Structure formats: structure tokens, C-alpha cells
1. Which of the residues spanning the range 74-86 are of a type in the set (A, V, I, L, M, F, W, C), in a strand (DSSP E or B) and out of contact with any Cys (no Cβ under 7 Å at 6 or more places or on another chain)?
2. For the range 18-66, which positions are modelled with pLDDT of 90 or more, within 19 Å of residue 77 (Cα to Cα) and part of a loop (DSSP other than H, G, I, E, B)?
3. Taking the conditions exactly as written (surrounded by 13 or more Cβ atoms within 10 Å (Cβ to Cβ), modelled with pLDDT under 95 and not in a helix (DSSP H, G or I)), does residue 8 satisfy them or not?
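The values are calculated or read from the model by the stated rules, or taken from the named source; none is laboratory data. Since this is a predicted model, take the numbers as computed values, not measurements. Quick reminder, even Gly has a Cβ in these numbers, built from the backbone with ideal geometry, and neighbours come from all protein chains shown. We work out accessible area using only protein heavy atoms, side chains counted, and drop any ligands, DNA or RNA first. Shrake-Rupley method; radii C 1.70, N 1.55, O 1.52, S 1.80 Å.
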Amino acid sequence: MQAAAERLSEDRLDAALKALASAQRREIVRFLLQRTSEEGKTCCATDEVCACKLSEHLGLAASTVSHHMSALKDAGLVTARKDGTWVYYTVQRDVLAAVAAAIEGF
């Protein structure tokens, strides 16, 4: 995992910005940032979201969500953890901070 203070390479920054160019991907990142475990539900742990919750929230087919998540993972913005048939995603806050810092010129 990368510290927020580290600078991103230009290629990594370009990949992150390209991934974030999609409105649906930005909504996914927002949802991941705001999401916490719901009481009484065992689907998602704290700080991670199951692909089923993303499909439900976005109103998209699982295959479309998978496509978007693949782009976000490739850019290093999220990680995935597979548990049986379920996939759980976590946003990489340090990478987002590094992207913001690169945009701000720090």
C-alpha cells in the first residue's frame, strides 16, 4: 500500500484519472468511501462493500459493475477480496489522497 505523501508516477496518475473519468466509477468510489457495515447484516464488513450492494445501489448488472471495478482495481483505486462466490471491495484512500495531492501540485 502506498503512503499518501508518496508521489504517483505519471503513468499511475493517468490511469487513476482515466478510471475516474467515468461518472459511474466516481459514484462507486463515493459509495465505497461513505459505506459502513449495516447493523444486523452479514454481507459486508466495515470498510468493504460486496459487489451485490454496488449492483443494487447503481442499478447495474453484475457484469457492468465487474467491468467498472476491474478498471478501478487496475488503476490501484480499489482492492478486491474474494470469499467464496462473493467479492468485497475496499477503496484505497491513500491512493486517492495521492491523486488529489498530484492534482494540487504537492
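1. Initial filter on the range 74-86 (of a type in the set (A, V, I, L, M, F, W, C)): 75, 77-78, 80, 86.
When the remaining residues are screened for being in a strand (DSSP E or B), the result is 78, 80, 86.
78, 80 - these are the residues of the range 74-86 that are of a type in the set (A, V, I, L, M, F, W, C), in a strand (DSSP E or B) and out of contact with any Cys (no Cβ under 7 Å at 6 or more places or on another chain).
2. 20, 21, 22
3. Working: surrounded by 13 or more Cβ atoms within 10 Å (Cβ to Cβ): yes; modelled with pLDDT under 95: yes; not in a helix (DSSP H, G or I): yes.
Yes.
Residues checked against (1) within 21 Å of residue 21 (Cβ to Cβ); (2) free of Cβ contacts under 8 Å to residues at least 24 places away in the same chain; (3) open to solvent by less than 60 Å² (accessible area, probe 1.4 Å); (4) within 9 Å of the chain's Cα centre (by Cα):
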residue: 57; (1), (2), (3), (4): yes, no, no, no
residue: 66; (1), (2), (3), (4): yes, yes, no, no
residue: 74; (1), (2), (3), (4): yes, no, no, no
residue: 78; (1), (2), (3), (4): yes, no, yes, yes
residue: 89; (1), (2), (3), (4): yes, no, yes, yes
